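Here is the structure we will look at, set down as structure tokens.
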Amino acid sequence: MSKYYKRTENYITTGPFSNLNLHGNNGPIKITQIYDSVFNQIWKNVANELNESFTNDLADKIDYGFSFESSSFTNGIRSWSCDKYLSSTLNKYSNLKVLTSSTAIKFDINEQTKQVNGVLFISNDGLFNGIARKEYILSAGTFFSPHILMLSGIGDRKILQENNIPVKHELKQVGKNLMDNGMINIKYQTQSFSIGQSIPMAVINSQARTTNNNSDTFFLLKMNSNRRDL
């Protein structure tokens with residue numbers, strides 16, 4: 001995935017970073033890393049007092065500790081994927097439609113051929129079955145990707161049957177070994193500092209791994225329990 005992240009980045013830094021090969025410099029999204037923030041040394045002191053590891057760059061190898069967090073703005077203006085990719089693409093292709101206020105429920109899967117016949121989604125206008133000519137792409141994040149797979153009948157047979165979901169394809173690892181980064185934002189107000197001087201910090205925790213005793217799968221199935229009959 002690294003090469004694709006690099007393609008999106010136009011990385012700008014004022015700091016002496018040792019491994020700039022981790023970043024791209026020709027992409028459309030401006031990524032700013034300001035090393036000389038007035039808070040830098042303060043946060044480094046905090047890390048030292050807590051005996052935690054510290055790295056200047058979140059893209060570098062770090063499992064636990066403190067790091068500076070990059071910001072996606074330039075000259076005080078946000079630089080983001082919607083502006084650089086989505087908006088320009090929508091204007092370029094007249095046959096591309098984005099459905100807002102719509103939620104994907106599950107795939108309609110042929111139990112015999114294992115092929116996807118459509119994707120069920122719900123909107124303010126009702127329940128629909130979207131049919132693709134070539135392929136379907138599932139990209140719903142750490143929690144909702146396995147959530148949709150299991151509602152579609154793809155997952156651990158025992159768990160699917162316990163939740164009255166017809167098994168279309170048994171794949172026991174769906175919903176297991178989930179990994180995501182938890183984040184708590186603390187907001188504070190400063191005086192006489194520009195946005196470039198008030199750069200946030202990030203505390204990196206070791207990613208929690210699920211076990212057979214955890215209730216991740218149960219949580220995934222019940223997240224959208226009011227629509228489980230679909």
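Values as computed for the structure displayed
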read-out: Breaking point among (1) touching a Phe, Trp or Tyr at 6+ places or on another chain (Cβ under 9 Å); (2) of a type in the set (Val, Ile, Thr); (3) in a loop (DSSP other than H, G, I, E, B), for Ile105; value: (3)
read-out: Close pairs from the stretch 131-149: first of a type in the set (Val, Ile, Thr), partner assigned to a loop (DSSP other than H, G, I, E, B), Cβ under 8 Å, at least 6 apart; value: Thr142/Leu178; Thr142/Met179; Thr142/Asp180; Ile148/Leu138; Ile148/Ala140
read-out: Among (1) within 25 Å of Gln173 (Cβ to Cβ); (2) surrounded by 10 or more Cβ atoms within 10 Å (Cβ to Cβ); (3) out of contact with any strand residue (DSSP E or B) (no Cβ under 6 Å at 6 or more places or on another chain) - the single one Ser139 does not satisfy; value: (2)
read-out: Matching option when the condition is modelled with pLDDT of 65 or more, touching a strand residue (DSSP E or B) at 6+ places or on another chain (Cβ under 8 Å) and not hydrophobic (A, V, I, L, M, F, W, C), among Lys172, Lys187; value: Lys172
read-out: Residue that is farthest from Ala140 (Cα to Cα) [pool: residues in the stretch 85-120 that are among the basic types (Lys, Arg) and loosely packed, with under 10 Cβ neighbours inside 10 Å]; value: Lys92
read-out: Residue that is nearest to Lys106 (Cα to Cα) [pool: residues in the stretch 153-175 that are β-branched (Val, Ile, Thr) and part of a loop (DSSP other than H, G, I, E, B)]; value: Ile165
read-out: Of all residues making up the stretch 69-100, the number that are in contact (Cβ under 8 Å) with a residue 12 or more places away in the chain and over 30 Å from His169 (Cβ atoms); value: 13
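The values are calculated or read from the model by the stated rules, or taken from the named source; none is laboratory data. Please read these numbers as outputs of a predicted model, since none were measured by experiment. Heads up, the Cβs are rebuilt from the backbone with ideal geometry, glycines too, and the neighbour counts pull from every protein chain shown.
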